[in-house]
Amino acid sequence: MIYFQLLSTVIATISCRTHGYRPIQYGGAAGCAPARNEASTYITSMAASQQGEPAEQLDRRRTQQRESYCRPSLRGFHLADREHLVSMATGRLVEVYLDLLSQPCRAIQILLSCTKIPHRVHRVALRKGEHRTAEFSKLNPMQKVPVLVDGGFVLTESDAILKYLANKYDIPEHWYPWQPERRARVDEYVAWHHTNTRPHAAKVFLLEVLLPAQFGAQVDQDRLERALLELDATLDKLESMFLRRQPFLCGDDITLADLLAVCELMQPLGGGRDVLKDRPQLQRWRSRVQSALGESFNEAHAVLFAVRDRRQAKL
Amino acid sequence: MAVELYLDLFSQPCRSVFMFAKKNNIPFEFKKVSLMDGEHYGDDFGKISIIRKVPALRDGDFCLSESIAIMVYLAEKFQTPDFWYPADLQQRARVNEYLSWQHTAIRMQGSKMFWLRLMIPKMIGMEVPKEKMDGALEDLNNSLNLIEEKFLQDRPFIVGDQMSLADLVAIVEIMQPLGAGLDVFDGRPKLSAWRDRVRTFIGEELFDEAHQNILGAQEGMKQIDPSKLELFKPKILRLFL
C-alpha cells in the first residue's frame, strides 16, 4: 500500500514537472506533510454546516480546488521541488533559533511541528541574555529571535520565515494558499498584524509581567489601563474586519495568519490574563485553532504556561 | 473592468502602489481619497476598505487593503517582471524580510518625524518639546543606519542587482521626512546613491510625480485650516506624544 502511494507520488511528481507544473502533494506519502486528519474533517464539517452544503460535497469541491492549483503560472517553483527532494535525500535539517517565550518563535515552532518539516531547534534564552552573546550576534547582529538557518542562508523576521517554509516545503496548501486572492488575504492580515495585534497584545504582557519582573517594581496601572483599551479596540477590529462570520481569519481554513494571531493573543496568559475572556466569537476561533494544531499548540505554549503557574504560586 | 486603486499620494504606501502600477503599465482607475478631508471615514470608502485605510484595491468583487498585499497581488495577476518579487525562494525571503522589518522601524519613524516637525505644530499651535524631537531623530537615524549596514550593504539594491518591492517600499518611507524639511540624505552618500539608482530605475518623471504632493507639504501646510486637523488630533497625540 505504501509502495503504491510512493510510486503514484513519484509518477505524479514527474508528470507535473515535465509540464512545468508544481505538484501539490496532498497526503503523507513522502512522510513529510501529514495526511488528512481529524482537525481537517472538523473544519470541513464546520464550513459545510455554515454554508448548508453536505460535508462530503464540500470536501470533494475543495479537494478539486486544491488540485487545480497545479498550474504553469507558478514560475520558478521547480527549484522548490528540487530543493525539497535534495534536503529529504541528504537529511539536511533546517535550523531555527527560538525562545518559546517569544510569540513569533512559537508560531514558527508550531508550523514546523505540525507540518513535520525536518528541523533542529536551538534554544536562545532571552531572559538569560543569550541573544546578546558574541556568538549569536555573529549570526544575527540585530540580536533578535527567531532566526532561520538553511545551509548557509540566514533569515530573520517571523513572517519571512513562515512564508519561506510554506513556499519551500510541500506542506498542506491551506497554510499559505496559492490562489492569488486567498494568498492576498493572508498577506493582508500578516501586514496588519505588525502594527495592531502584535504591539497591543505584547504591551499588556510587557507591563504586567516583564517590566515588573525585570525591575522589581509594581505594575504601572495607568499605562496598563491604556494598553488594555488599545488592545480592546484592536480585538474589535479583529472580530469585525477579519474574522467576521468565518471559521478562521482568512477563510474556511487555518492559515499562517491564525498562527501569528493566536500566539500573540496567548501571551497575556503568562500573566494570568485571558484577553478573550469576554469575547465568545474569538474564544470559539481560538478553540478551532487549538483543535487544528493539536499537540503542537500545547507543546509550544508549555513555557508560557509555566511562567503563569509560577506567578500564581507566588501570589 | 479595470482595477480600482484608492490612493492619497501624501501616504507613503500609496506612493509605492502608485509607482508599481504605473511602472508596470497596469491599467487602473485612480480613485483619490483625501485623508486630510477625512474621506477615508466616509460610508462609500468603508465598503471598499473595512480597515478604512489607504491604499485599497478593488478588482471586481475583490477588495484588498495593505500595500504589500496589494502589490504582491498585482504582481501575480499582471505577471510583472520577476525582479519585483522574485520566484527564487531565497531572494523572495530577503524581500519579505525587509518588508516585515520596516513596519515597526523606518515606517513608524519616518511618519513620526513628518508629524512632529510639520503636522503637530500646526495642530497644537506650537513646537514639539526638544527631547521628543531628539529621541525621534535618534530612532530614525538608527533605522537609516540599519538600512545601510544590513539591508543594502554593498549591493546596488536591497536584494541584489535589481530593484524589488523592498526598495520601492523603502524609498517612500525615507522620502517622507523630506516633506517636513528634514533632508535625511544629507551626510549619507551611500543612501543618496541608492536613492538615485531607485529614481532612475523607476523613471525620474514617475518618481517625481508620485512625490510632488509630499514635497510640497510645507507650502501646503501654510494655507491649511487647522480645524481640518482636529479629526486626527486624538490619535496622533496618543501615537506620537
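Observations
- Neighbours by Cβ (under 9 Å, 6+ apart or cross-chain): first from region B:154-173, in a helix (DSSP H, G or I); second at pLDDT 95 or above and among the acidic types (Asp, Glu): B:Ala166/B:Glu97
- Qualifying residue in region B:131-138 (condition: under 27 Å from B:Glu66 (Cβ atoms) and either touching a residue at least 60 places away in the same chain (Cβ under 8 Å) or surrounded by 15 or more Cβ atoms within 10 Å (Cβ to Cβ) (or both)): yes
- Exactly one residue out of A:Pro199, A:Pro212 is more than 12 Å from every other protein chain (Cβ to nearest Cβ) and either assigned to a helix (DSSP H, G or I) or buried (at least 21 other Cβ atoms within 10 Å of the Cβ) (or both), and it is A:Pro212.
- Of the residues A:Glu173, A:Glu130, the single one that is surrounded by fewer than 20 Cβ atoms within 10 Å (Cβ to Cβ) and more than 14 Å from chain B (Cβ to nearest Cβ) is A:Glu130.
- Selected residue [modelled with pLDDT of 95 or more, of a type outside the set (Val, Ile, Thr) and in contact with a Pro (Cβ under 9 Å, 6 or more places away or on another chain)] from B:Glu76, B:Glu138: B:Glu76
- Qualifying positions in region A:226-248 - within 13 Å of another protein chain (Cβ to nearest Cβ) and either under 18 Å from A:Ile110 (Cα atoms) or β-branched (Val, Ile, Thr) (or both): A:Thr234
- The set of residues in region B:85-97 that are out of contact with any Lys or Arg (no Cβ under 9 Å at 6 or more places or on another chain), buried (at least 21 other Cβ atoms within 10 Å of the Cβ) and not acidic (Asp, Glu) comprises B:Arg94, B:Val95.
Conditions (1) more than 16 Å from the chain's Cα centre (by Cα); (2) more than 10 Å from every other protein chain (Cβ to nearest Cβ); (3) over 24 Å from B:Val184 (Cα atoms), marked per residue:
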{"residue": "B:Pro86", "(1), (2), (3)": "yes, no, yes"}
{"residue": "B:Ala93", "(1), (2), (3)": "yes, no, yes"}
{"residue": "B:Gln102", "(1), (2), (3)": "no, no, no"}
{"residue": "B:Met113", "(1), (2), (3)": "no, yes, no"}
{"residue": "B:Lys130", "(1), (2), (3)": "yes, yes, no"}
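- Residue match in region A:250-266 (condition: in a helix (DSSP H, G or I), touching a His at 6+ places or on another chain (Cβ under 9 Å), among the β-branched types (Val, Ile, Thr) and modelled with pLDDT of 95 or more): no
- Boolean, B:Leu64 is more than 9 Å from chain A (Cβ to nearest Cβ) and either surrounded by fewer than 18 Cβ atoms within 10 Å (Cβ to Cβ) or under 14 Å from A:Pro180 (Cβ atoms) (or both): no
The values are calculated or read from the model by the stated rules, or taken from the named source; none is laboratory data. Remember, it's a predicted structure, so these values are computed and weren't measured experimentally. Note that each Cβ is placed from the backbone with ideal geometry, even for glycine, and that neighbours are counted across all protein chains shown.
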